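Everything below concerns the one structure shown next.
The values are calculated or read from the model by the stated rules, or taken from the named source; none is laboratory data. These figures come from a predicted structure and were not determined experimentally. Note that each Cβ is placed from the backbone with ideal geometry, even for glycine, and that neighbours are counted across all protein chains shown. We work out accessible area using only protein heavy atoms, side chains counted, and drop any ligands, DNA or RNA first. Shrake-Rupley method; radii C 1.70, N 1.55, O 1.52, S 1.80 Å.
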Amino acid sequence: SFEPEAVAAASLGQVHRATLPSGERVAVKVQYPGIARTIRSDIANLRRLLFPLRLSADWDSLDAQFGEVQSVLETETDYEHEAASLGEARAAFREDDGIVVPRAFDRFSTRRVLTMEYLEGEHIEAFLAGDPSQELRNQFGERIFRASLRLYVSRRLLYSDFNPGNLVFLEDGRLGWIDFGGLRRFNDAEWALLRQAHEAMHSTDRREVLAYV
(Lines give C-alpha, C1' and ligand atoms only; values in the text may rest on other atoms or scores of the structure.)
Protein backbone atom coordinates (compact mmCIF):
# COMPACT_ATOMS: atom_id res chain seq x y z
CA SER A 1 0.00 0.00 0.00
CA PHE A 2 1.08 3.58 -0.61
CA GLU A 3 -0.29 6.74 1.02
CA PRO A 4 -0.69 9.37 -1.72
CA GLU A 5 -0.55 12.31 0.72
CA ALA A 6 3.01 13.28 1.62
CA VAL A 7 4.01 13.31 5.30
CA ALA A 8 7.06 15.51 4.69
CA ALA A 9 8.44 17.69 1.93
CA ALA A 10 11.78 19.32 1.16
CA SER A 11 13.48 21.19 -1.66
CA LEU A 12 14.26 18.11 -3.79
CA GLY A 13 11.39 15.73 -3.05
CA GLN A 14 8.69 14.58 -0.69
CA VAL A 15 8.15 11.59 1.59
CA HIS A 16 5.21 9.20 1.66
CA ARG A 17 4.39 6.38 4.05
CA ALA A 18 3.94 2.95 2.51
CA THR A 19 3.85 -0.74 3.37
CA LEU A 20 5.91 -3.42 1.65
CA PRO A 21 4.48 -6.83 0.64
CA SER A 22 6.33 -8.21 3.69
CA GLY A 23 4.26 -5.94 5.96
CA GLU A 24 7.16 -3.62 6.87
CA ARG A 25 6.28 0.07 7.13
CA VAL A 26 8.54 2.25 5.05
CA ALA A 27 9.15 5.87 4.12
CA VAL A 28 9.39 6.48 0.38
CA LYS A 29 11.20 9.62 -0.75
CA VAL A 30 10.15 10.61 -4.26
CA GLN A 31 12.16 13.21 -6.14
CA TYR A 32 10.29 16.04 -7.82
CA PRO A 33 10.18 15.54 -11.61
CA GLY A 34 12.97 17.35 -13.43
CA ILE A 35 14.61 18.74 -10.26
CA ALA A 36 18.09 17.45 -11.21
CA ARG A 37 17.80 19.07 -14.66
CA THR A 38 16.60 22.31 -13.04
CA ILE A 39 19.59 22.39 -10.68
CA ARG A 40 22.04 21.90 -13.57
CA SER A 41 20.33 24.65 -15.54
CA ASP A 42 20.32 27.08 -12.60
CA ILE A 43 24.01 26.45 -11.93
CA ALA A 44 24.88 27.00 -15.60
CA ASN A 45 22.96 30.31 -15.59
CA LEU A 46 24.68 31.44 -12.40
CA ARG A 47 28.09 30.67 -13.90
CA ARG A 48 27.21 32.88 -16.86
CA LEU A 49 26.30 35.73 -14.48
CA LEU A 50 29.63 35.32 -12.73
CA PHE A 51 31.60 35.45 -15.99
CA PRO A 52 32.98 39.00 -15.42
CA LEU A 53 34.60 37.79 -12.17
CA ARG A 54 36.89 35.48 -14.15
CA LEU A 55 39.30 38.41 -14.50
CA SER A 56 39.52 38.97 -10.74
CA ALA A 57 42.34 37.67 -8.54
CA ASP A 58 39.90 35.63 -6.44
CA TRP A 59 38.32 33.73 -9.33
CA ASP A 60 40.19 30.45 -8.83
CA SER A 61 39.11 30.25 -5.19
CA LEU A 62 35.53 31.23 -6.01
CA ASP A 63 35.37 28.74 -8.87
CA ALA A 64 36.59 25.92 -6.60
CA GLN A 65 33.97 26.74 -3.97
CA PHE A 66 31.28 26.97 -6.62
CA GLY A 67 32.31 23.58 -7.96
CA GLU A 68 32.01 22.09 -4.47
CA VAL A 69 28.47 23.46 -4.08
CA GLN A 70 27.53 22.06 -7.49
CA SER A 71 28.96 18.65 -6.58
CA VAL A 72 27.00 18.50 -3.31
CA LEU A 73 23.72 19.48 -4.98
CA GLU A 74 24.15 16.95 -7.77
CA THR A 75 25.01 14.22 -5.24
CA GLU A 76 21.81 14.95 -3.30
CA THR A 77 19.75 14.23 -6.42
CA ASP A 78 21.19 10.70 -6.59
CA TYR A 79 19.13 8.55 -4.23
CA GLU A 80 21.24 5.47 -4.97
CA HIS A 81 24.14 7.38 -3.44
CA GLU A 82 21.98 8.24 -0.43
CA ALA A 83 20.99 4.57 0.00
CA ALA A 84 24.70 3.67 0.11
CA SER A 85 25.31 6.50 2.59
CA LEU A 86 22.57 5.18 4.85
CA GLY A 87 24.31 1.81 4.93
CA GLU A 88 27.67 3.40 5.69
CA ALA A 89 26.21 5.51 8.50
CA ARG A 90 24.29 2.57 10.00
CA ALA A 91 27.54 0.60 10.23
CA ALA A 92 29.03 3.29 12.49
CA PHE A 93 26.59 2.64 15.35
CA ARG A 94 26.02 -0.26 17.74
CA GLU A 95 22.66 -1.25 19.18
CA ASP A 96 23.61 0.03 22.64
CA ASP A 97 24.39 3.51 21.23
CA GLY A 98 20.66 4.22 21.06
CA ILE A 99 21.09 5.88 17.65
CA VAL A 100 19.11 4.63 14.65
CA VAL A 101 19.80 5.31 10.98
CA PRO A 102 17.03 3.88 8.75
CA ARG A 103 17.78 0.89 6.55
CA ALA A 104 17.43 1.36 2.79
CA PHE A 105 15.53 -1.19 0.70
CA ASP A 106 17.54 -1.38 -2.52
CA ARG A 107 14.97 -3.55 -4.26
CA PHE A 108 12.41 -0.75 -4.03
CA SER A 109 14.79 2.15 -4.68
CA THR A 110 16.15 3.87 -7.78
CA ARG A 111 18.13 7.01 -8.56
CA ARG A 112 14.93 9.06 -8.11
CA VAL A 113 13.05 6.99 -5.48
CA LEU A 114 14.41 5.97 -2.08
CA THR A 115 12.59 3.44 0.09
CA MET A 116 13.78 3.15 3.66
CA GLU A 117 12.74 1.98 7.09
CA TYR A 118 10.05 4.17 8.66
CA LEU A 119 11.05 5.59 12.05
CA GLU A 120 8.00 6.13 14.26
CA GLY A 121 8.68 9.15 16.44
CA GLU A 122 8.43 12.89 16.96
CA HIS A 123 10.40 15.82 15.64
CA ILE A 124 11.93 18.26 18.08
CA GLU A 125 8.96 20.66 18.26
CA ALA A 126 6.55 17.89 19.28
CA PHE A 127 9.13 16.36 21.61
CA LEU A 128 9.65 19.62 23.51
CA ALA A 129 5.93 20.36 23.55
CA GLY A 130 5.51 17.22 25.67
CA ASP A 131 7.65 18.88 28.41
CA PRO A 132 10.19 16.03 28.69
CA SER A 133 12.24 15.69 31.87
CA GLN A 134 15.70 17.20 32.08
CA GLU A 135 17.11 13.69 32.30
CA LEU A 136 15.51 12.74 28.99
CA ARG A 137 16.66 15.99 27.37
CA ASN A 138 20.21 15.27 28.53
CA GLN A 139 20.01 11.72 27.21
CA PHE A 140 18.99 12.86 23.74
CA GLY A 141 21.51 15.72 23.81
CA GLU A 142 24.30 13.24 24.53
CA ARG A 143 23.18 11.01 21.67
CA ILE A 144 23.03 13.92 19.22
CA PHE A 145 26.58 14.89 20.20
CA ARG A 146 27.82 11.29 19.99
CA ALA A 147 26.16 10.73 16.61
CA SER A 148 27.85 13.73 15.01
CA LEU A 149 31.28 12.91 16.41
CA ARG A 150 31.09 9.19 15.59
CA LEU A 151 30.79 9.77 11.86
CA TYR A 152 33.38 12.52 11.83
CA VAL A 153 36.07 11.00 14.03
CA SER A 154 35.77 7.27 13.39
CA ARG A 155 34.62 7.29 9.75
CA ARG A 156 35.97 10.56 8.28
CA LEU A 157 32.44 11.39 7.15
CA LEU A 158 30.91 14.85 6.94
CA TYR A 159 27.15 15.07 7.49
CA SER A 160 26.39 18.37 5.75
CA ASP A 161 22.71 18.79 6.66
CA PHE A 162 22.67 18.70 10.46
CA ASN A 163 19.43 20.43 11.41
CA PRO A 164 16.63 19.62 13.92
CA GLY A 165 14.28 18.49 11.14
CA ASN A 166 16.50 15.47 10.47
CA LEU A 167 16.29 14.18 14.05
CA VAL A 168 13.52 11.83 15.19
CA PHE A 169 12.84 11.25 18.89
CA LEU A 170 11.63 7.68 19.23
CA GLU A 171 9.25 6.66 22.00
CA ASP A 172 11.65 4.01 23.34
CA GLY A 173 14.34 6.67 23.98
CA ARG A 174 16.42 6.06 20.86
CA LEU A 175 17.45 8.87 18.55
CA GLY A 176 16.56 8.53 14.88
CA TRP A 177 18.76 10.26 12.29
CA ILE A 178 17.54 10.71 8.72
CA ASP A 179 18.39 12.37 5.37
CA PHE A 180 21.91 11.37 4.35
CA GLY A 181 21.87 12.76 0.82
CA GLY A 182 24.76 15.15 1.50
CA LEU A 183 27.09 12.72 3.27
CA ARG A 184 30.66 12.92 1.96
CA ARG A 185 33.99 11.36 2.91
CA PHE A 186 37.16 13.36 3.53
CA ASN A 187 40.07 12.24 1.37
CA ASP A 188 43.56 11.74 2.84
CA ALA A 189 44.73 15.26 2.00
CA GLU A 190 41.64 16.88 3.53
CA TRP A 191 41.91 14.73 6.65
CA ALA A 192 45.60 15.63 7.07
CA LEU A 193 44.70 19.32 6.84
CA LEU A 194 41.95 18.91 9.46
CA ARG A 195 44.41 17.17 11.79
CA GLN A 196 46.85 20.07 11.40
CA ALA A 197 44.08 22.57 12.19
CA HIS A 198 43.07 20.55 15.26
CA GLU A 199 46.66 20.41 16.50
CA ALA A 200 47.10 24.15 15.95
CA MET A 201 43.93 25.05 17.84
CA HIS A 202 45.00 22.94 20.82
CA SER A 203 48.61 24.06 20.87
CA THR A 204 49.79 26.13 23.85
CA ASP A 205 52.70 27.60 21.91
CA ARG A 206 51.78 30.69 19.86
CA ARG A 207 54.70 30.07 17.51
CA GLU A 208 53.31 26.63 16.62
CA VAL A 209 49.91 28.14 15.85
CA LEU A 210 51.39 30.85 13.62
CA ALA A 211 53.36 28.19 11.72
CA TYR A 212 50.05 26.89 10.30
CA VAL A 213 48.84 30.31 9.14
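Listed here are the residues, each with its yes/no results for (1) among the β-branched types (V, I, T); (2) within 16 Å of K29 (Cβ to Cβ); (3) surrounded by 11 or more Cβ atoms within 10 Å (Cβ to Cβ).
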site	(1), (2), (3)
P52	no, no, no
R90	no, no, yes
V101	yes, yes, yes
E122	no, no, yes
A129	no, no, no
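So in the stretch 136-178, with the set limited to residues that are in contact with a Lys or Arg (Cβ under 9 Å, 6 or more places away or on another chain) and open to solvent by 50 Å² or more (accessible area, probe 1.4 Å), which one is modelled with the highest pLDDT?
That would be R174.
Which one is most open to solvent (accessible area, probe 1.4 Å) among residues in the stretch 54-80 that are over 18 Å from N166 (Cα atoms) and at pLDDT 90 or above?
Checked the stretch 54-80; the qualifying residue most open to solvent (accessible area, probe 1.4 Å) is E80.
Of all residues in the stretch 179-198, how many are loosely packed, with under 14 Cβ neighbours inside 10 Å and either within 20 Å of A8 (Cα to Cα) or touching a residue at least 12 places away in the same chain (Cβ under 8 Å) (or both)?
Counting residues in the stretch 179-198 that are loosely packed, with under 14 Cβ neighbours inside 10 Å and either within 20 Å of A8 (Cα to Cα) or touching a residue at least 12 places away in the same chain (Cβ under 8 Å) (or both) gives 4.
Each row is one residue, and each column tells you yes or no for (1) among the polar types (S, T, N, Q); (2) over 30 Å from R195 (Cα atoms).
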{"site": "A84", "(1), (2)": "no, no"}
{"site": "D97", "(1), (2)": "no, no"}
{"site": "I124", "(1), (2)": "no, yes"}
{"site": "D131", "(1), (2)": "no, yes"}
{"site": "N138", "(1), (2)": "yes, no"}
{"site": "L158", "(1), (2)": "no, no"}
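Working carefully through the options A104, A89, find the one that is closer than 26 Å to I39 by Cα, of a type in the set (A, V, I, L, M) and modelled with pLDDT of 85 or more.
A104
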